[in-house]
1. Yes or no: segment 56-66 includes at least one residue that is outside any loop (DSSP other than H, G, I, E, B), at pLDDT 90 or above, under 20 Å from GLU22 (Cα atoms) and under 13 Å from the mean Cα position of the chain (by Cα).
2. Here are some residues: ASP34, ASP69, ASP52. Which one is surrounded by 17 or more Cβ atoms within 10 Å (Cβ to Cβ) and not basic (Lys, Arg)?
3. I'd like the residue in segment 72-92 that is surrounded by 18 or more Cβ atoms within 10 Å (Cβ to Cβ) and assigned to a helix (DSSP H, G or I) and, out of all such residues, is nearest to the chain's Cα centre (by Cα).
4. Tell me which of these ALA121 doesn't satisfy, since it passes every other one: (1) touching a residue at least 40 places away in the same chain (Cβ under 8 Å); (2) crowded, with 18+ Cβ neighbours inside 10 Å; (3) over 25 Å from ALA145 (Cβ atoms); (4) of a type in the set (A, V, I, L, M).
5. Tell me which of these GLN150 doesn't satisfy, since it passes every other one: (1) out of contact with any strand residue (DSSP E or B) (no Cβ under 6 Å at 6 or more places or on another chain); (2) touching a residue at least 12 places away in the same chain (Cβ under 8 Å).
6. Hey, could you check segment 111-145 for residues that are at pLDDT below 90 and hydroxyl-bearing (Ser, Thr, Tyr) and say which is nearest to SER24 (Cα to Cα)?
7. Could you check segment 6-40 and list, in sequence order, the residues that are in a loop (DSSP other than H, G, I, E, B) and either modelled with pLDDT of 95 or more or hydroxyl-bearing (Ser, Thr, Tyr) (or both)?
8. Which is of a type in the set (Lys, Arg), crowded, with 21+ Cβ neighbours inside 10 Å and closer than 15 Å to ALA30 by Cβ, of LYS64, LYS95?
Amino acid sequence: MAESGNPIPQAASEANYLRFREDSPADEPAVSLDSFFEQPNAVSVRIEAGDDPQRLIPHLSRVKLVEVDFPKFRDGRGFSTARILREAGYTGEIKATGDVLVDLVYFMRRCGFDSFAPDVAIDPAVLEACLNRYPHVYQHAADDAVPIWQLRHPELANG
């Protein structure tokens, strides 16, 4: 375990694959959102930029993996996709793929991503530094981190 409580990424068959989960990875390739609805046995789905993740919510009970594509690092729609799915109660794996930058992994984890398949390999030492850079958070997110204001003023948390 890293000092921040974040697990060290698990090794996987893909050279650039980082995973922060204890369960087994999905062994089926992800299909597009439209194909997912056409294939009743599909358990892995890929959401592209511009897809509406809310279409998936009624089907979350059969989903083991959601891959969210980041075509460009500056396209933040994937952050919202992960947050929407987590807030809808999805507990399965959410993997960020594509143009995933190491300095965004911390924030992606806060939104609900728990695995990553970036186009470019991430240096483990740089990843560890990024994951431990901020000892406190300022707002609630999909993770369990307690905001600094709540640590300082616990009496305000329930009010």
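1. Checked against the condition, which is being outside any loop (DSSP other than H, G, I, E, B), at pLDDT 90 or above, under 20 Å from GLU22 (Cα atoms) and under 13 Å from the mean Cα position of the chain (by Cα), segment 56-66 yields at least one hit.
2. Within the list ASP34, ASP69, ASP52, the selection yields ASP69.
3. Among residues in segment 72-92 that are surrounded by 18 or more Cβ atoms within 10 Å (Cβ to Cβ) and assigned to a helix (DSSP H, G or I), the one nearest to the chain's Cα centre (by Cα) is ALA82.
4. Unmet for ALA121, out of (1) touching a residue at least 40 places away in the same chain (Cβ under 8 Å); (2) crowded, with 18+ Cβ neighbours inside 10 Å; (3) over 25 Å from ALA145 (Cβ atoms); (4) of a type in the set (A, V, I, L, M): (2).
5. (2)
6. Among them, the one singled out is TYR134.
7. Matches in segment 6-40: SER13, TYR17, SER24, ALA30, GLN39.
8. LYS95
The values are calculated or read from the model by the stated rules, or taken from the named source; none is laboratory data. Please read these numbers as outputs of a predicted model, since none were measured by experiment. So basically every Cβ, Gly included, is an ideal-geometry build from the backbone, and we count neighbours across all protein chains shown.
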